Amino acid sequence: MSNARQLAYRCLQRIDHDGAYANLLLQSELGKSRLSERDRGFVTELVYGTTRMRRGCDALIDRFLVKEPQPALRTLLRLGAYQLHFAGVAAHAAVGETVELAPKAARGFVNAILRRVGDTPMEWPNDAVRLSYPDWIVSRLQAELGNEAEAAMSRMNEPAPVSIRDDGYRQDLASQWVATAVEALPGERILDLCAAPGGKATAMAASGAFVVAADLQMHRARLIRGVPVVVGDAAAPPFPQSTFDKVLIDAPCSGLGALRRRADARWRITEADIAVLADLQRRIIAAAAPLVRPGGWLTYSVCTLTAEESIDHPVPDGFEPIAEAPSAQWRPYGHGWRVLPQDHDTDGMVLIRYRRKP
């Protein structure tokens with residue numbers, strides 16, 4: 001699997017040092033490779049796993065460093081440490097084949113560090129390092145989830161399972177449950193206001209509803225297939241009032257419930273971003289609510305776990321929360337509903353449904 005490790009190492013260097021997005025880069029690089037399916041899966045595990053567990057890998061390595069290595073060697077040591085400690089790769093392969101990726105002058109150094117990583121039991125200084133999250137995410141999720149926070153973070157360190165709908169579309173089950181919760185009916189006019197890449201819109205359209213998908217960015221709107229598409233700002237949507245029977249807002253959010261699917265997101269998002277996103281979400285809700293006809297529904301969802309981005313938002317004027325559970329998978333959460341990553345091995349998600357008063 002030396003070619004697989006080489007590709008993983010190239011990807012990790014671009015993620016670590018050039019700011020490349022792990023999912024986009026890996027999709028592109030695997031598309032150009034001639035690796036077998038087995039090796040492609042191994043590359044995916046190495047890239048996503050090493051990226052998720054970056055902080056844990058650094059802690060494993062730093063015990064034995066006298067001075068900071070060159071950035072490329074730091075990345076290579078992370079790759080080796082991930083294989084040794086988290087991926088269950090045999091020590092001789094994890095060390096030997098990783099050493100082969102180093103410049104000749106550095107191979108003795110890489111070999112010595114990785115052998116010590118493999119041979120020395122680890123005493124983690126705290127949960128944030130052990131679980132490989134920034135301190136603020138650990139603190140935030142502990143405050144939000146209490147004694148369920150560790151299980152959520154542990155599950156988000158595992159690869160996401162592949163969920164395929166009956167029509168062949170790949171979509172996480174929690175996202176499928178959001179689309180189902182809209183309860184689209186034949187003949188209804190439905191707006192999906194933050195629609196790209198379009199999975200929820202096409203799921204709702206399959207019911208026989210007339211679905212319009214809108215998204216702010218042209219390049220993302222082009223990803224949507226099978227329904228009418230409008231490029232527009234969800235905070236200033238280009239539609240008349242009372243046009244739709246139902247509106248879905250799958251809002252831009254911090255993504256703290258979907259960190260396993262976005263391996264590098266935990267290192268990009270900051271706590272300050274949450275307040276900015278919450279303000280945007282409030283503006284989108286306020287702009288979307290008038291588009292719903294009297295008696296119609298407004299459904300709001302986010303793939304995060306924070307109250308600030310969900311149940312802390314005020315109920316829109318003229319609306320009331322729908323008290324009925326969307327389905328058995330959701331647990332009550334304020335005036336809405338939530339699913340945690342460990343509940344059903346899905347992304348974490350919050351859902352709130354409102355009915356406009358007649």
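The values are calculated or read from the model by the stated rules, or taken from the named source; none is laboratory data. In this text the structure is predicted, and so the values were computed from the model without any measurement. All Cβ positions, even for glycine, are placed from backbone atoms using ideal geometry, and neighbour counts span all protein chains on display. In case anyone asks, the SASA skips ligands and DNA or RNA and just uses the protein heavy atoms, side chains included. Shrake-Rupley method; radii C 1.70, N 1.55, O 1.52, S 1.80 Å.
Here are a few things to note about the model shown:
- Distance between the 7 Å Cα→Cβ label points at ASP135 and LEU216: 3.1 nm.
- In region 75-132, taking the dipole from charged Cβ atoms about the Cα centre, the farthest positive-side position among HIS92, LEU76, LEU131 is held by LEU76.
- Cα gyration tensor shape of region 217-358, rounded if a/c is under 1.5, else prolate or oblate by comparing a/b with b/c: oblate
- Exposure rule at most 14 other beta-carbon atoms within 10 Å, DSSP loop GluC sites (Glu not before Pro): the chain longest free segment: 124-323
- Of the Cα atoms belonging to the chain, the radius of gyration and Dmax stand at 22.6, 75 Å.
- Solvent exposure of region 246-358, expressed per residue, is 35 Å² of accessible area, with all protein chains present and a 1.4 angstrom probe.
- Sum of side-chain charges, ASP279 neighbourhood, beta-carbon under 13 Å (Lys, Arg +1; Asp, Glu -1): -2
- With Cα atoms, 0 to 90° folded angle of helix 135-145 axis to the chain main axis: 40
- Of MET153, MET218, MET122, the order by accessible heavy-atom surface (1.4 Å probe, DNA, RNA and ligands excluded), from most exposed downward, is MET218, MET122, MET153.
- The DSSP beta bridges internal to region 239-358 are antiparallel in roughly 70% of cases.
- Estimated from helical segments only, the mean residue ellipticity of the chain at 222 nm is -13000 deg cm²/dmol, where each DSSP H run of four or more residues counts as -39500 (n - 2.57).
- Net charge in the neighbourhood of GLY295 (other residues with Cβ under 15 Å of its Cβ; Lys, Arg +1, Asp, Glu -1) is +3.
- Area accessible to solvent at CYS303, 1.4 Å probe radius, in Å²: 20
- GNM top mover of ALA287, ALA112, ALA201 - the chain, alpha-carbon springs below 10 Å: ALA112
- Contact order for the chain, expressed relative to its length and based on alpha carbon pairs under 8 Å spaced 6+ residues apart, stands at 14 percent.
- Computed accessible area, PHE64, all protein chains, 1.4 angstrom probe, square angstrom: 30
- Residue with peak Gaussian network fluctuation, the chain [Cα springs, cutoff 10 Å], from LEU259, LEU73, LEU12: LEU73
- Looking at region 20-166, the accessible area is 50 square angstrom per residue; that uses a 1.4 Å probe and ignores ligands, DNA and RNA.
- The chain: most fluctuating residue of ASN147, ASN111, ASN23 per GNM, C-alpha cutoff 10 Å: ASN147
- Evaluated with a Cβ-only charge set (Lys, Arg +1; Asp, Glu -1), region 23-108 carries a dipole of roughly 160 debye about its Cα centre, given to the nearest 20.
- Spatial separation of Cα centroids for region 89-107 and region 282-353, in angstrom: 49
- Rolling a 1.4 angstrom probe over the chain with all protein chains present gives an accessible area of which 51% lies on carbon and sulfur atoms.
- Charge tally for GLU308 (other residues, Cβ to Cβ under 12 Å; Lys, Arg +1; Asp, Glu -1): -4.
- For LYS246, the accessible area of its heavy atoms, probed at 1.4 Å with every protein chain present, is near 10 square angstrom.
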